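K.L.:
First, the structure itself, so that you have it in front of you.
The values are calculated or read from the model by the stated rules, or taken from the named source; none is laboratory data. Small disclaimer: the values here were computed from a predicted structure and weren't measured. Positions of Cβ are generated from backbone atoms using ideal geometry, with glycine treated the same way; all protein chains shown enter the neighbour counts. Side chains are part of the model used for accessible areas, which takes the heavy atoms of the whole protein and leaves out ligands, DNA and RNA. Shrake-Rupley method; radii C 1.70, N 1.55, O 1.52, S 1.80 Å.
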Amino acid sequence: MEEIKIGVYVCWCGTNIAKMVDVDQVVDQIKFLPDVAVARNYKYMCSDPGQDMIIRDIKQHHLNRVVVAACSPRIHELTFRKALAKAGLNPMMFQMANIREQVAWVHTDREKATKKAVSLVHAAINRVKWHESLDKRTIEVNPATLVIGGGVAGMSAALEIANAGKQVYLVEKSKKLGGYAAQLDLTFPHFYSARQLIKPMIRHVEDHKNIRIFKPMQINQIFGYMGNFQSTLQLANGDETKLKFGNIIVATGLQPFDPSEITSYNYGKLPDVVTSLEFEKMLAKGRIETCEGKEPKNVAIIHCVGSRNANYHEYCSRTCCMTALKFANQIRSALPESNIFDLYADMRSFGKGCEELYTQTSRKNVIFLRFDQQNGLPEIRSTNGEEAVSMLIEFTEQFSKEQVEVPADLVILMVAMESHADAKDISHIAGISMCGNSFFIEKHPKLDPVATTSDGVFIVGTCQAPKDIPDSISQAKAAAARVLATIHVGTIEVDVITATVNEDICCGCQTCVSVCPYKAISFNKEKGVSEVNEILCKGCGTCGSTCPTGAIRSRHFTDQQILSQIQGLLSPDNKFEKM
């Protein structure tokens, strides 16, 4: 058996770790542990000199295991694995101990923090002794891409990929492309025509030789894995079309909130209470008028209808405030003598040119009034012809703390944006997760905002969260770039940390099949055992924890490795002595 030689490296992370952890003491404590051949500390292990130190020691001291005590593995585990590979050592012979987030950043007692750091490093050393070499595997990538959703984000992604000469299948459930943006009149903050922006894009998509459009169409199932997906579409004439593709971009968008749930607004009962989308259509027709065909003398705009309220949706829909300011400017231009009332809870005019628009609007004789979004929603009631106006809006104005009545002939409700009713179905079909607000969840909100935990599946536009057109297009182009990168390479590496079945002790109960969140396990009826599709498997360990016979184990997270890590963590040798 090969002699185990472990190199241990403790990072200062500048002062992030060294300020609270005595890194010299950590090295002094662990350098005498069994099988530790080299123990060092350095200011920045992730830097090129730090990585060169590891590579040099592997070659000079013939190290076959490496432990780095530094920051979170989520940040630099891949960095150090690549360093091992450069030195000719299998990348999986590496273990990381997190002594920054789990020690330095959460403790105030330096002595106790140092003791804890010693324990975590000892645990990593114990674990890495049982690591096994796992070899990389690659699969070929089908160059075609499936885009679900024909709104501005979906079309942008489709065009980006198609313009690179690659096949795109665009599936839209409605009869027309363009999505929500195609129903807008002008865009904020510069009042460009939405139709003039969207129509050329629709035309380019429909005429593109590399884009095949399916509408109205819905996808019922998707099979396969990154690089090799397939789906069958049921056409209107009853025929079926089988599609094969390597990547999926989900761009299903959002829908407007139904304000009839908020009884105080009397939407659906008072004909001159309209939603923001209904007002957009009114603007597109070129005339602002009441249900009786008259120009309104008093127009009220109410913000956050269904947003930022625990009874409906707690999140901000992001675009409502700026759309309201856009409406105020359009009304002032069309009806210069009208009274415009903007009823808001908080004004959120972020984005390039948006705060400036807020300032410009406030100088156009628009009356801004603030209400309590949680406990004092405005109440709209009909005057029944007893007043000069058709409606009155009652609420407590938050700056003056007075009960006010706002006259209105037309009320515009800035409705929230929410997920589509079939969002959960899409999540199951595409294999992506949803948050509590029914938006699709990205792999990492900062480091990987367009990918998902399912390899080869990307989310763009408002299906990930409410956002405006520029942000949606930016996400679409980012996802398209990711897809084109994998197509260009032609192959992708498959994660080596997967589950494996010991067929000799598998009892065929199929518990693993039912609990696998990635549908990576199937049952072989001929053999009477479960089988793992290692391409689909993400190594989450759910199957291994539920298997009654212990027939399934997760590579790189075996019982021996985990128990050894715990033993090292609790070892009595971890006593901390001042030197």
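K.L.:
Given the -39500 (n - 2.57) contribution per DSSP H run of 4+ residues, what per-residue ellipticity at 222 nm results for the chain, rounded to the nearest 500 deg cm²/dmol?
P.N.:
On the way: 14 runs with 163 residues, N = 579.
Per the formula, -8500 deg cm²/dmol.
K.L.:
Please figure out what share of the DSSP beta bridges in the range 109-228 is antiparallel and state it in percent, rounded to the nearest 5. Write down the numbers at each step before the final one.
P.N.:
Working: 3 of 12 bridges.
Counting DSSP beta bridges with both partners in the range 109-228, the antiparallel share is about 25 percent.
K.L.:
Can you pull the accessible area of LYS166 for me, 1.4 Å probe, Å² to the nearest 10?
P.N.:
Here the residue's solvent-accessible area equals roughly 70 Å².
K.L.:
Under the classification rounded if a/c is under 1.5, otherwise prolate if a/b is larger than b/c and oblate if not, where does the range 257-417 fall, given a ≥ b ≥ c as square roots of the Cα gyration tensor eigenvalues?
P.N.:
rounded
K.L.:
Let me spell out the model: positive unit charges on the Cβ of Lys and Arg, negative unit charges on the Cβ of Asp and Glu, origin at the Cα centre of the range 1-134. What dipole size does that give, in debye rounded to 20? The partial results should precede the final answer.
P.N.:
Details: 19 positive and 14 negative charges, 38 e Å.
That gives a dipole near 180 debye.
K.L.:
Ok, one more. Determine the gain in length on full extension of the stretch ARG56-LEU197; use 0.36 nm per residue of separation and subtract their C-alpha separation, reporting nm with one decimal. Display every interim value, and only then the final one.
P.N.:
Numbers: separation 141, 0.36 × 141 = 50.76 nm, distance 5.68 nm.
Length gained, ARG56 through LEU197: 45.1 nm.
K.L.:
Calculate log10 I(q)/I(0) of the range 378-426 for q = 0.20, 0.27, 0.31 Å⁻¹, where I(q) comes from the Debye formula with a single equal point scatterer on each Cα and nothing for solvent.
P.N.:
For the range 378-426, the Cα-only Debye profile gives -0.74, -1.02, -1.11.
K.L.:
Looking at the range 257-417, send over the antiparallel percent of its DSSP beta bridges, to the nearest 5. Show your work: numbers first, answer last.
P.N.:
Numbers: 12 of 31 bridges.
If we restrict to bridges inside the range 257-417, about 40 percent are antiparallel.
K.L.:
Separate question: So what's the range 498-554 giving for Cα Rg divided by 2.2 N^0.38 Å, two decimals?
P.N.:
Working: Rg = 9.7 Å, N = 57, 2.2 N^0.38 = 10.2 Å.
Computed over Cα atoms of the range 498-554, the ratio equals 0.95.
K.L.:
Determine which residues of the range 338-363 fall in the zone a paramagnetic label at ALA388 would reach in this model, i.e. backbone nitrogen under 20 Å from the point 7 Å along Cα→Cβ.
P.N.:
The answer is 338-342, whose backbone nitrogens lie closer than 20 Å to the label point.
K.L.:
At what distance in angstrom do the alpha carbon centres of the range 181-202 and the range 457-495 lie from each other?
P.N.:
23
K.L.:
Based on alpha-carbon atoms only, what is the radius of gyration of the range 406-459 relative to the globular estimate 2.2 N^0.38 Å? Write down the numbers at each step before the final one.
P.N.:
Details: Rg = 16.6 Å, N = 54, 2.2 N^0.38 = 10.0 Å.
That works out to 1.65 for the range 406-459.
K.L.:
Moving to a separate point now. Note down the magnitude of the dipole of the range 99-169 about its Cα centre, charges +1 on Lys and Arg C-beta and -1 on Asp and Glu C-beta and zero elsewhere, to the nearest 20 debye.
P.N.:
Values: 10 positive and 7 negative charges, 88 e Å.
In debye, rounded to 20, the range 99-169 gives about 420.
K.L.:
Find the relative contact order for the chain and round it to a whole percent, using C-alpha pairs within less than 8 Å whose residues are 6+ positions apart.
P.N.:
Working: 1175 pairs, mean separation 83.2, N = 579.
About 14 percent, as a whole number.
K.L.:
Kindly write out, for the range 372-379 in residue order, the coupling ³J(HN,Hα) from the Karplus curve 6.51 cos²θ - 1.76 cosθ + 1.60 (θ = phi - 60°), rounded to whole Hz, with x marking Gly and Pro.
P.N.:
These are the phi-based 3J(HN,Hα) values: 8, 5, 8, 10, x, 4, x, 10 Hz.
K.L.:
Now for a different question. Could you pull out every one of the lysines with an alpha carbon less than 16 Å from that of LYS538, ignoring same-chain neighbours closer than 8 positions?
P.N.:
LYS136, LYS443, LYS519
K.L.:
Provide the net charge surrounding TYR312, with neighbours chosen by a C-beta distance below 14 Å and charges set as Lys +1, Arg +1, Asp -1, Glu -1.
P.N.:
Working: positive: ARG308; negative: ASP258, GLU261, GLU314, GLU418.
Result for the local shell: -3.
K.L.:
Could I ask something else about it? Modelling each spin label as a point 7 Å along the Cα-to-Cβ direction, I'd like the GLU356/ILE566 distance in nm, to one decimal.
P.N.:
6.1
K.L.:
Beyond 40 Å, what percent of the Cα pairs of the chain remain? It would help to have the intermediate numbers written out before the result.
P.N.:
On the way: 76234 of 167331 pairs.
For the chain, the fraction of Cα-Cα distances above 40 Å is 46 percent.
K.L.:
Quick one: go through the range 202-237 and flag any residue whose amide nitrogen is under 13 Å from the point 7 Å out along the Cα-to-Cβ line of SER174.
P.N.:
Counting backbone N atoms under 13 Å from the label point, the list is 216-217.
K.L.:
Between beta-carbons, use under 14 Å as the cut-off and find the net charge around MET45, counting Lys and Arg +1, Asp and Glu -1.
P.N.:
Working: positive: ARG40, LYS43, ARG56, ARG81, LYS82, ARG100; negative: ASP48, ASP52, ASP57, GLU77.
Residues near MET45 contribute +2 overall.
K.L.:
Using all Cα-Cα distances in the range 1-134, what percent lands in each 5 angstrom bin from 0 up to the longest?
P.N.:
In whole percents, the pair-distance histogram is 2, 12, 24, 26, 20, 11, 4, 1, 0.
K.L.:
Can you sort TRP105, TRP12 by 1.4 Å-probe accessible area, starting with the largest? Before the final figure, lay out the partial values.
P.N.:
Values: TRP105 135, TRP12 75 Å².
Largest to smallest exposure gives the sequence TRP105, TRP12.
K.L.:
With the calculation restricted to Cα positions, what are the radius of gyration and Dmax of the range 214-267 in angstrom?
P.N.:
My reading of the Cα-based Rg and Dmax gives 17.9, 52 Å.
K.L.:
Give the angle, between 0 and 90 degrees and rounded to the nearest 10, that separates the Cα long axis of helix 110-128 from the longest principal axis of the Cα atoms of the chain.
P.N.:
70
K.L.:
With Cβ to Cβ distances under 15 Å as the rule, what net charge do the other residues near ALA520 carry (K, R +1; D, E -1)? Mind dumping the intermediate values first?
P.N.:
On the way: positive: ARG137, LYS519, LYS538, ARG553, ARG555; negative: ASP455, ASP495, GLU531, GLU534.
Charge balance near ALA520 sits at +1.
K.L.:
Between ASP28 and VAL489, how many nm apart are label points set 7 Å from Cα along the C-beta direction?
P.N.:
Label-label distance for ASP28 and VAL489, simple model: 4.5 nm.
K.L.:
Ordered by packing density, taken as the mean number of other Cβ atoms within 10 Å over each peptide's residues, highest first, how do 292-303, 208-219, 190-201 rank? Walk me through the numbers on the way to the answer.
P.N.:
On the way: 292-303: 19.8, 208-219: 16.4, 190-201: 14.8.
Ranking, from highest mean packing down: 292-303, 208-219, 190-201.
K.L.:
Need one value: the accessible area of CYS316 in square angstrom, 1.4 angstrom probe, rounded to the nearest 10.
P.N.:
40
K.L.:
Could you state the angle between the C-alpha long axis of helix 73-86 and the longest principal axis of the C-alpha atoms of the chain, as a value from 0 to 90 degrees rounded to the nearest 10?
P.N.:
For 73-86 against the chain, the angle is about 50 degrees.
K.L.:
Take every DSSP beta bridge whose two residues both sit in the chain, then give the antiparallel share in percent to the nearest 5.
P.N.:
Details: 39 of 90 bridges.
Roughly 45 percent of the beta bridges in the chain run antiparallel, per DSSP.
K.L.:
Lysines within cross-link reach of LYS175: Cα-Cα under 25 Å, excluding same-chain residues under 8 positions apart?
P.N.:
LYS166, LYS199, LYS209, LYS215, LYS242, LYS244, LYS281, LYS285, LYS424, LYS467, LYS477
K.L.:
Hey, which of these cross-link pairs are over 19 Å Cα-Cα: LYS326/LYS352; LYS294/LYS326; LYS19/LYS43; LYS19/LYS112?
P.N.:
Details: LYS326/LYS352 14 Å; LYS294/LYS326 22 Å; LYS19/LYS43 12 Å; LYS19/LYS112 13 Å.
Checking Cα-Cα distances, LYS294/LYS326 exceed 19 Å.
K.L.:
For the range 552-557, in order, what is each residue's ³J(HN,Hα) by Karplus, 6.51 cos²θ - 1.76 cosθ + 1.60 with θ = phi - 60°, in whole Hz (x at glycine and Pro)?
P.N.:
Here the 3J(HN,Hα) series is 9, 10, 9, 4, 6, 9 Hz.
K.L.:
Please give, to one decimal in nm, the separation of the simple spin-label points placed at ASP372 and PHE523, each 7 Å out from Cα toward the Cβ.
P.N.:
For ASP372 paired with PHE523, the spin-label model returns 5.8 nm.
K.L.:
Now for a separate question. Of the options SER474, ASN437, MET92, report the single residue whose Cα projects farthest towards the positive end of the charge dipole of the chain (beta-carbon charges: Lys, Arg +1; Asp, Glu -1).
P.N.:
MET92
K.L.:
Just round it to a whole percent: the fraction of Cα-Cα distances in the range 383-503 exceeding 22 Å.
P.N.:
Working: 4244 of 7260 pairs.
Of all Cα-Cα pairs in the range 383-503, 58 percent lie more than 22 Å apart.
K.L.:
Suppose a student asked you for the relative contact order of the range 257-417, using Cα pairs under 8 Å spaced at least 6 residues apart; what percent would you report? Write down the numbers at each step before the final one.
P.N.:
On the way: 289 pairs, mean separation 53.1, N = 161.
Result for the range 257-417 is 33 percent.
K.L.:
Using the alpha-carbon atoms, what tilt in degrees (0 to 90, nearest 10) does helix 194-207 show relative to the longest principal axis of the chain?
P.N.:
60
K.L.:
Rounded to the nearest 0.05, what FRET efficiency do GLU261 and ARG110 have when you use their Cβ-Cβ distance and R0 = 51 Å?
P.N.:
Numbers: r = 55 Å, r/R0 = 1.08.
The pair GLU261/ARG110 has a calculated efficiency of 0.40.
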